[in-house]
Amino acid sequence: MAVGLLGASREALAAARERLDAGVANLGPEELTRLGEDLFAVADLLYREGRLRRALSDPGLAEDARSRLAQQLLGEQLSAPAFDVVQTLVTSRWSRPVDLVDAADLLGVQAVLAAAERAEELEDVEDELFRFARILERQPELQVVLGDITVPVEPRIQLLQDVLRDKVRPTTLRLATEAVRAPRGRRLDRVLEDYVRFAAERRQRLVAEVWTAVPLTDEQTARLGDALATAFGRRVQIQSTVDTSLLGGLTVRVGDEVIDGSIVNRVELARRRIAG
């Protein structure tokens, strides 16, 4: 799932996201989950069916013709909120046909996160997704197995469920399952990190990934969060991981920006200065 859409596709996604947000205002968690599932199914269909994908994103085909085609193929299979979003998608202009797939996928994730938000579980889901991404970093063999697209998807999903069942909320498991089922050419932990960022954005927060040699206390976490909020001008969600190899200090990553204040990094900098 590409998240760096450009040009016309970025504008089209923004319009579809506004339509989604407006349409979900009065929906409950179950309806939002159904909406997400429908959009995931649309993304899968468009990913598999190249001719359909190209037809529904063809700027040379009139908007009403694309709308009628979507109605004929999908109108009776989707919930009303899902079809409303799909109509917005297929009548928009896209830079590339594949961007239509990515947009449907992304909006499906947003709908599922909205369900978690409505159920007052969004913060917990965000944290569980983050923790699972860190587990995959520490266990690369698990990531390789779950992400091996040469293996049928069903046994990989079964393995995922065996690993996570009864350990995370159903919404977390559903999103992790979607990441395994449709990684769209990306590593599983990177897909999960995108989901974490989307969840934080729904709560109007940045995500700060923090690595420390010892666990942070609640007071230290609060002070660090306040300092980062001041630096970045937005509330910050701290996601911390203990890494004893750092020896001391901490490393912080917010988006593409890394602040490395670990003892290991200080020693390395000193060594370089000495070496000239």
Open item on the list: Restricting to region 92-103, name every residue that is over 15 Å from the mean Cα position of the chain (by Cα) and crowded, with 21+ Cβ neighbours inside 10 Å.
Closed with: Ser92, Trp94, Asp99, Leu100
Open item on the list: Quick check on Gly7: is it at pLDDT below 85 and either at positive phi or crowded, with 19+ Cβ neighbours inside 10 Å (or both)?
Closed with: yes
Task: Matching residues, region 73-92, being over 22 Å from Asp21 (Cα atoms) and either hydrophobic (A, V, I, L, M, F, W, C) or modelled with pLDDT of 95 or more (or both) - done: Leu73
Open item on the list: Looking at Leu106, Leu113 in this structure, which one is touching a residue at least 24 places away in the same chain (Cβ under 8 Å), assigned to a helix (DSSP H, G or I) and open to solvent by less than 10 Å² (accessible area, probe 1.4 Å)?
Closed with: Leu113
Open item on the list: Looking for something surrounded by fewer than 20 Cβ atoms within 10 Å (Cβ to Cβ) and within 28 Å of Glu120 (Cβ to Cβ) - is there at least one such residue anywhere in region 68-81?
Closed with: yes
TODO: Scan region 130-147 for residues that are open to solvent by 70 Å² or more (accessible area, probe 1.4 Å) and within 23 Å of Ala200 (Cβ to Cβ) and report the count.
DONE: 3
Task: Among residues of region 150-189, those that are without any contact (Cβ under 8 Å) to a residue 12 or more places away in the chain and within 17 Å of Val109 (Cβ to Cβ), counted - done: 2
- [ ] Among residues belonging to region 116-142 that are acidic (Asp, Glu) and assigned to a helix (DSSP H, G or I), point out the one that is farthest from the chain's Cα centre (by Cα).
- [x] Glu141
Open item on the list: Restricting to region 32-56, name every residue that is in contact with a Lys or Arg (Cβ under 9 Å, 6 or more places away or on another chain) and open to solvent by 90 Å² or more (accessible area, probe 1.4 Å).
Closed with: Tyr47
TODO: Answer yes if at least one residue in region 227-237 is at pLDDT below 80, of a type in the set (A, V, I, L, M, F, W, C) and open to solvent by 60 Å² or more (accessible area, probe 1.4 Å), and no otherwise.
DONE: yes
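The values are calculated or read from the model by the stated rules, or taken from the named source; none is laboratory data. Please read these numbers as outputs of a predicted model, since none were measured by experiment. Ideal geometry is used to build each Cβ from the backbone, glycine not excepted, and the neighbour counts take in all protein chains shown. The accessibility values were calculated without ligands, DNA or RNA, using every heavy atom of the protein model including side chains. Shrake-Rupley method; radii C 1.70, N 1.55, O 1.52, S 1.80 Å.
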